[in-house]
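> Have a look at this one.
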Amino acid sequence: MTGKDSVILHGMWASPYSTRVELALKVKGISYEYVEEDFKNKTPELLKYNPVHKKIPVLVHNGKPVAESLVILQYIEEVWKDGPQLLPHDPHEKAQVRFWVHFINTKYTEIMTTVITTEGEVQEKALSQVYELMKLLDEGIKTFFPDGNPTFEAKNLGLLDIVGSSVFCAFSAVEELIGVKIIDPEKTPVLFSWITALREQPIVMETITPPEKLVSLILRPWRQGFINPHLSQS
Amino acid sequence: MSRKERSMEEVKVIGFWTSPYVYRVTWALKLKGVEYEYQEEDIWNKSDLLLQYNPVHKKVPVFVHGGKTIVESGIILEYIDETWPQNPLVPTDPHARAMARFWIKFVGDKMRNFQGFFFKRAGEEQIKAVKEAQEYLKILEDHGPEEKKFFDGDNIGMTDLSMGWLAFWLEAMEEASGVQVLEANSFPRLHAWIRNFKQVPVIKENHPDHTRLVAYFKRLREMFTKPATT
């Protein structure tokens with residue numbers, strides 16, 4: 001693709017679906033214009049470009065919209081063929097990356113909603129499911145870093161790293177919010193090392209939602225709304 | 001190994017006869033003329049083999065190629081399309097491809113809305129669930145193929161395969177629960193698509209037997225709509 005491309009991303013600062021697209025654009029070295037969307041006051045463009053869901057993120061490339069974060073990431077990978085690749089070349093390895101991306105995107109995010117918005121027994125039950133998922137993911141990550149030592153010195157961030165960053169890099173702030181450990185360095189050492197290595201990449205910390213802001217402005221009020229509804233304002 | 005060499009290796013599909021997700025995979029293989037071995041798995045009595053092949057989700061379909069395993073029908077379809085490029089399942093234009101994947105995701109995400117009515121006993125809740133299913137189906141109807149025969153154009157593709165549930169399973173669920181959801185008058189485009197889809201030779205010769213499927217769904221419905229015992 002030549003330099004005359006117009007790339008616009010409609011996103012929202014607190015959404016991991018949005019930040020993962022930004023991260024991918026940066027890894028691929030694609031210049032883009034960013035439009036911050038306010039859920040209470042969506043731009044007419046957003047409603048036009050994603051009429052079915054009216055949600056972010058939406059990538060508009062030369063006037064044509066693409067919606068759904070993982071669809072956007074695949075689109076970016078397929079269109080910008082030169083430079084850093086987000087997926088491995090080998091089809092089976094590619095399938096393995098997609099499997100874990102899908103795993104994080106569905107199973108983990110679903111159960112974390114329960115963990116963040118509940119307490120007591122309900123939360124405990126959800127947490128035990130989270131630990132099971134984390135153990136499985138730890139095994140999964142091991143297949144990409146066989147020596148058990150994730151680093152990014154020799155290679156660029158890939159699709160799984162990008163999605164993982166958008167979802168996991170705020171984990172210690174979330175742990176503080178709910179007062180419980182989610183990712184244990186002893187029980188899931190490779191997963192923990194992977195996330196630590198991701199957090200050390202400047203490109204990741206510059207792009208993902210700042211964890212403290214995410215917790216204080218979004219997650220804490222959201223949790224309060226369920227646990228102490230009479231105390232919350234909205 | 002070259003792609004050509006890889007494409008010659010043995011293919012195996014582990015499935016269950018009632019699963020639309022399994023059919024997506026076997027339809028794709030047949031459309032591309034790829035030989036495969038099929039192994040029926042009883043999902044109500046899972047074998048050790050299945051648990052070994054898919055330890056994370058313990059589900060079908062499981063796709064094995066040259067000894068390597070892939071699960072999740074969407075991921076399997078992408079792999080199949082990349083490994084056997086003849087009769088491509090996705091458009092060549094990247095934006096059209098993105099639209100296909102958008103609709104595939106939509107169908108996957110909304111499956112529980114489409115099927116909710118099936119798990120309700122006759123009455124208020126069922127009526128509500130039918131309305132909800134119709135709301136979401138209306139979105140497919142509105143964006144359904146206008147001039148083209150299929151969602152993917154003149155020939156069927158990944159989007160159509162992912163919509164296969166509408167063609168055989170929805171009608172069986174409707175019959176088993178005694179309700180009509182996809183009325184012909186309200187959903188002319190989807191009805192036309194279903195007719196065209198069922199005419200495609202690979203599809204016509206490979207789908208679950210309607211009578212058997214209805215009986216299966218009737219039994220399933222009995223299980224799920226049993227009144228709670230005290």
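> Express the accessible area of segment B:53-142 per residue in Å², computed with a 1.4 Å probe while the remaining protein chains stay in the model.
Working: 4010 Å² over 90 residues.
Spelled out: the 1.4 Å probe surface of segment B:53-142, per residue, equals 45 Å².
> Can you show me the helix-derived [θ] at 222 nm for chain B, built from DSSP H runs with n ≥ 4 at -39,500 (n - 2.57) apiece and divided by the number of residues, rounded to the nearest 500.
Details: 11 runs with 125 residues, N = 230.
So the calculated ellipticity at 222 nm is -16500 deg cm²/dmol.
> Now for a separate question. Which percent of the accessible area of chain B is formed by carbon and sulfur heavy atoms (probe 1.4 angstrom)? If you can, show how the numbers build up before the last one.
Numbers: 5770 of 11670 Å².
After summing per-atom areas, the C and S share lands at 49 percent.
> If you don't mind, there's one more thing I want to ask. Magnitude of the Cβ-charge dipole of chain A, K/R +1 and D/E -1, about the Cα centre, nearest 20 debye? Write out the running numbers ahead of the final one.
Numbers: 24 positive and 30 negative charges, 127 e Å.
Dipole magnitude for chain A comes out near 620 debye.
> Place +1 on the Cβ of every Lys and Arg and -1 on the Cβ of every Asp and Glu in segment A:1-139, take the dipole about the Cα centre, and give the residue among A:Leu136, A:His61, A:Ser15 whose Cα lies farthest towards its positive end.
A:His61
> Also: Would you mind checking the pairs A:Lys81/B:Lys4; A:Lys55/A:Lys142; A:Lys42/A:Lys64; A:Lys40/B:Lys148; A:Lys181/B:Lys128 and listing those with alpha carbons more than 30 angstrom apart? Walk me through the numbers on the way to the answer.
Values: A:Lys81/B:Lys4 23 Å; A:Lys55/A:Lys142 34 Å; A:Lys42/A:Lys64 19 Å; A:Lys40/B:Lys148 38 Å; A:Lys181/B:Lys128 41 Å.
Over 30 Å Cα-Cα: A:Lys55/A:Lys142; A:Lys40/B:Lys148; A:Lys181/B:Lys128.
> If you don't mind, another one. Roll a 1.4 angstrom probe over the protein heavy atoms and tell me the percent of accessible area of segment A:1-120 that is carbon or sulfur. Provide the component values of the computation, followed by the final result.
Working: 2880 of 5390 Å².
Of the solvent-accessible surface of segment A:1-120, carbon and sulfur hold 53 percent.
> Turning to a different aspect of this structure: List the accessible area buried at the contact between A and B, summed over both sides and calculated with a 1.4 Å probe, in Å² to the nearest 100.
Numbers: alone 12680 and 12830 Å², together 23180 Å².
About 2300 Å² of accessible surface is lost on pairing.
> Would you compute, from DSSP H runs of 4+ residues alone, the mean residue ellipticity of chain A at 222 nm, taking -39500 (n - 2.57) per run and dividing by the full residue count, rounded to the nearest 500?
-15000 deg cm²/dmol
> Within 10 Å of each Cβ in peptide B:99-105, how many partner chain Cβ atoms are there on average? Round it to a whole number, please. Numbers along the way, then the final one.
Values: counts 6, 1, 7, 10, 3, 2, 4.
If you average over the peptide's residues, the count of other-chain Cβ atoms is 5.
> In 20 Å bins starting at zero, report the fraction of Cα pairs in the protein assembly as shown per bin as a rounded %.
Distribution as computed: 21, 56, 22, 0 percent.
> Based on the Cβ-Cβ distance of A:Lys135 and A:Lys155, what FRET efficiency does E = 1/(1 + (r/R0)^6) give at R0 = 22 Å, to the nearest 0.05? Don't skip to the end; give the middle numbers.
On the way: r = 26 Å, r/R0 = 1.18.
For R0 = 22 Å, the calculated efficiency reads 0.30.
> Now for a separate question. Compute the distance in nm between two label points, each set 7 Å from the Cα along the Cα-to-Cβ direction, one at B:Arg195 and one at B:Lys58.
Each label point is offset 7 Å from its Cα along the Cβ direction, giving 4.5 nm.
> Within segment A:39-54, what residues put their amide N at less than 14 Å from the label point 7 Å along the Cα-to-Cβ vector of B:Glu135?
The answer is A:53.
> Hey, can you find the accessible area per residue of segment A:29-98 for me, probe 1.4 Å, expressed in square angstrom? List each step's numbers first, then the result.
On the way: 3560 Å² over 70 residues.
I get 51 Å² per residue for segment A:29-98.
The values are calculated or read from the model by the stated rules, or taken from the named source; none is laboratory data. Quick caveat: nothing in here was measured; it's all calculated off a predicted structure. Don't worry about glycine lacking a Cβ; one is built from the backbone with ideal geometry, like all the others, and counts go over all protein chains shown. Surface accessibility is based on the protein's heavy atoms, side chains included, excluding ligands, DNA and RNA. Shrake-Rupley method; radii C 1.70, N 1.55, O 1.52, S 1.80 Å.
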